[in-house]
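Working notes for the structure below.
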Amino acid sequence: MIVFVIRRILTMVLTALCLTFIVFYLTNLPANLEKLAKSEASARMSDEDVTKWIERNGYATPVLQRYGEWLGIVPGWTRTEEGVTTGRCIPRGSDPALAPSHCGILQGDWGFSTVFKQPVSSIIADRLSATGWLMFWVMAVMVPTALVIGVLSGMREGSRLDRGLSIFSIASTATPEYVSGVVLIALFASATTGISPWLAEHGWISGKTLFPGTATSAMENITFWNFALPVATIALYGTGYIARMTRASMTEVMTAQYIRTARLKGVSFPNVVLKHALRNALIAPFTVIMLQFPWLLNGVVIVETLFNYKGFGWTLVQAAGNNDIELLLACSVVAVFVVLVTQLISDIGYVFLNPRIRVS
Amino acid sequence: MADALSWGQIFGRIFVQFIPVWIALVVLFAVSIAFKRRLGLYGKLFDSPIGMIGFALVMFWVFTAFFAQMIMTQDPLTQVSGMKNALPGMPVKGSDGAFYLLGGDNLARDVFSRMVAGSTIVVQIAPLATAFAFMVGVTLGLPAGYYGGKLDTTLSFLANLILAFPVILLFYLLVTPEIAQSGLPQYMGMVLFLFPLIFLIVLVNSRLYVKPQLRNMLIAGIVVIGGWIYLALLSEPDTIFNPLPAALDFISVPSNILIVFVSVVFVNAPTVFRIIRGLVLDIKTRDYVAASQTRGEGPWYIMLWEILPNARGPLIVDFCLRIGYTTILLGTLGFFGLGLSPESPDWGSTINAGRKLLAAFPHPAVVPALALMSLVLGLNLLADGLREESLKD
């Protein structure tokens with residue numbers, strides 16, 4: 001087991017290194033650096049000035065060397081021009097002699113965001129906590145709903161309840177976040193269509209719409225009203241998938257010998273489902289739920305953009321749109337970390353939940 | 001000046017506009033149901049109500065894309081003054097008897113016609129990109145599962161590497177004008193588009209190596225025609241890769257479409273690879289594989305002509321699901337305004353354009369959103385019907 005975990009962690013580190021290098025390489029393509037120079041200094045720079053700017057800010061060295069600097073295994077660049085020493089690790093206006101030689105993520109220095117003009121680490125921490133709340137509520141809504149739907153439809157395969165719930169889950173997997181978000185806003189958060197005008201006419205709601213169309217206010221204070229639509233939007237897409245997996249696993253368990261034995265010895269149907277079948281039926285969905293986290297990340301980006309909720313996904317879009325290299329790298333490190341850790345947990349958890357599986 | 005239409009009249013007129021589609025659907029279903037016992041798995045689809053509904057939805061959009069020129073009431077790119085954010089059913093100013101059936105968008109274009117025009121883009125790109133992803137996945141997944149060992153370890157690591165990448169981050173990095181300029185999409189296209197050629201050549205060679213003359217002819221045909229299509233797809237004037245003279249370059253793919261296509265294939269291929277690899281690991285232990293190994297068949301013959309046909313059930317189902325997923329990915333790209341031009345009537349871009357005024361005028365965004373959902377729903381139902389019917393065998 002320990003060998004397995006260590007090997008997995010080593011693969012994870014290797015994967016993370018490869019992925020961050022790809023991101024680093026793509027964001028540091030000459031065309032992207034030129035864009036960065038123009039947005040940082042002046043939009044009407046001549047090509048010569050751009051080259052000079054790139055040299056002066058340490059972007060002219062080979063990509064691998066700069067990647068090493070970012071990681072913190074290669075000393076940061078320094079440059080002495082007209083007696084003034086500047087460098088990667090030297091904050092403006094401080095004494096170059098006191099600056100450390102290395103400053104990369106291994107030293108805990110994530111760099112400086114060129115869009116938000118703040119240290120990357122503080123931005124990421126803020127935004128992640130905002131997204132954490134969103135993720136938490138999505139999970140709290142999605143997982144119980146999906147499991148209940150899956151168990152209900154899987155306990156009597158082919159029944160009318162099963163058919164109805166199955167069609168619901170297929171429909172929900174066919175509704176990506178940008179579709180359900182748009183439809184939900186049109187239904188509940190529009191002053192001209194949906195149910196809001198009708199409710200307002202009867203005087204049942206005080207404002208113009210039932211739900212607000214943005215979740216910006218949820219940054220400070222999460223309420224049911226400003227968070228319901230974003231959470232429902234993300235949860236809807238994942239619910240169907242988890243429910244279908246639960247259903248498949250439940251139908252398989254319900255045909256097992258020990259269930260028939262339990263039925264034959266006279267255990268009531270609800271008891272069979274709850275005490276005998278449920279526990280075994282939930283092993284497969286566990287893996288699926290863990291592997292949903294990377295998917296949620298996608299949904300989070302779409303929903304945060306649609307509802308203007310300034311979390312991790314919104315930051316990723318801003319960083320990518322403005323070629324903010326260090327912020328984007330930090331975002332991808334976080335995203336890759338989430339994906340790989342959930343994979344690891346799902347593998348290890350599977351072994352614990354299902355003693356028949358052994359890792360070699 | 002005519003009055004605005006009521007909802008009943010709007011739906012009546014939309015129904016009339018779609019008449020070519022209805023006729024085509026009725027003919028297709030009548031013929032298919034009449035001959036369903038002779039049509040194999042496709043015919044069995046008509047035994048399952050869910051599969052039939054799904055197939056009808058999918059074919060509705062395919063026929064809509066095909067007859068788009070007849071269905072559209074307005075030009076999808078023309079802006080008519082005074083029709084900005086027009087409500088559904090408004091008469092077009094300055095022309096008699098023409099209506100914006102589903103209203104106008106924020107640039108005063110007809111929402112209905114744009115939705116119809118958008119279907120052409122989706123119906124063209126999504127299945128083609130999925131097919132390419134399958135070719136790549138099959139060509140790499142078969143040997144990885146069959147041989148195992150170092151090859152499998154390396155390819156699996158690469159597949160997991162791509163899968164660990166958040167899709168949106170990858171799109172944001174790849175689908176930018178800067179990357180399109182750098183020629184990276186063409187390099188990626190060069191590699192990815194090579195796989196269908198390799199696949200076909202190996203397919204023919206492994207089967208017909210006992211009849212060298214026929215084989216040589218077929219392979220020469222594939223290399224010439226396939227190679228021409230390959231070069232024509234990639235070569236684009238004024239870019240890094242332009243080996244074909246303009247007279248021979250009969251397919252013109254603008255670099256922004258190429259990058260969309262390539263990145264969608266790139267994202268899908270590793271998943272297909274994993275599915276194929278899993279299926280091969282399962283099937284290669286069967287007796288008929290052992291039998292052909294004893295017969296002395298070559299490894300590629302066994303992979304392509306023994307294992308692959310026996311894996312077709314799950315693969316067909318996954319192909320349907322994956323077209324739906326590709327449609328969603330294309331929509332995601334449009335939603336973030338990546339790749340396709342903002343003018344483009346594809347559904348993702350129109351949703352993106354419509355969401356800015358969503359609270360006041362929802363119709364420009366809701367119409368393409370529902371269109372996209374119904375197509376993906378159709379594909380999912382179709383896959384479900386196929387799965388049920390193929391399990392009955």
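The values are calculated or read from the model by the stated rules, or taken from the named source; none is laboratory data. Remember, predicted model here, so these are calculated numbers, not experimental data. Note that we place each Cβ from the backbone using ideal geometry, even for glycine, and neighbour counts take in every protein chain shown. Accessible surface areas use protein heavy atoms only, side chains included; no ligands, DNA or RNA. Shrake-Rupley method; radii C 1.70, N 1.55, O 1.52, S 1.80 Å.
The table that follows gives values for the structure above.
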quantity	calculated
Label-point separation, residue B:158 to residue B:290 (7 Å along Cα→Cβ), nm	3.3 nm
Along principal axes, Cα extents of the protein assembly as shown, largest first, whole Å	88, 81, 72
Solvent-accessible area buried by A and B, counting both chains, probe 1.4 angstrom, square angstrom	3800 Å²
Residue among A:233, A:315, A:255 with the largest mean-square fluctuation in a Gaussian network model of chain A, springs linking Cα atoms under 10 Å	A:255
With DNA, RNA and ligands ignored, accessible area of residue B:200 (1.4 Å probe; Å², nearest 10)	70 Å²
Residue of B:34, B:98, B:232 that the Gaussian network model of chain B assigns the largest fluctuation, springs spanning Cα pairs under 10 Å	B:34
Partner lysines for residue B:284 [C-alpha distance under 19 Å; skip if fewer than 8 residues away on the same chain]	B:150
Fraction in percent of alpha-carbon pairs per bin - 10 Å, the stretch A:61-109	29, 51, 20, 0
Förster radius 56 Å - calculated FRET efficiency between residue A:97 and residue B:201, Cβ distance, rounded to 0.05	0.30
Estimated FRET transfer efficiency when R0 is 60 angstrom, pair residue B:210-residue A:129 (beta carbons, to 0.05)	0.35
Computed label-point distance, nm, for sites residue A:21 and residue A:269 using a 7 Å Cα→Cβ extension	5.9 nm
Candidate residues A:258, A:309: accessible-area rank, largest first, probe 1.4 Å	A:258, A:309
Cross-link table A:38/A:117; B:84/B:356; B:36/B:392; A:310/B:84; A:117/B:356; A:35/B:356, entries beyond 21 Å C-alpha to C-alpha	A:310/B:84; A:117/B:356; A:35/B:356
Per-residue HN-Hα couplings for the stretch B:340-352 [Karplus 6.51, -1.76, 1.60; θ = phi - 60°; Hz; x = Gly/Pro]	5, 5, x, 5, 4, x, 5, 5, x, 5, 5, 4, 4
Selection from B:154, B:181, B:254 lying farthest towards where the dipole of the stretch B:121-328 points positive, charges on Cβ	B:154
Extent along principal axes [Cα atoms of the stretch A:123-322; Å; largest to smallest]	61, 45, 27
Rg ratio (alpha-carbon, reference 2.2 N^0.38 Å) - chain A	1.27
Rounded Å value of the spacing that divides the Cα centres of the stretch B:33-60 and the stretch A:301-360	40 Å
Theoretical FRET efficiency, 1/(1+(r/R0)^6), r = Cβ-Cβ of residue B:87 and residue B:16, R0 25 Å, to 0.05	0.80
Highest-fluctuation residue, A:130, A:60, A:330 considered, GNM on chain A with Cα pairs under 10 Å	A:60
Signed unit charges on C-beta, dipole axis of the protein assembly as shown, positive-most listed residue B:12, A:274, A:210	A:274
Heavy-atom surface of chain A, accessible at 1.4 Å and reported per residue (Å²)	50 Å²
Ranked order, A:38, B:93, B:392 - accessible area, probe 1.4 Å, largest first	B:392, B:93, A:38
Dipole magnitude of chain A, debye to nearest 20 (Cβ charges: Lys/Arg +1, Asp/Glu -1, about Cα centre)	1860 debye
Shielding by partners, peptide B:324-335 (average Cβ within 10 angstrom, other chains)	3
Full-extension gain in nm, residue A:204 to residue A:31, via 0.36 nm per residue minus C-alpha separation	56.7 nm
Two-site label geometry, residue B:220 and residue A:79: point separation in nm, points 7 Å out along Cα→Cβ	6.0 nm
Accessible surface, 1.4 Å probe, highest first, among residues B:35, B:63	B:35, B:63
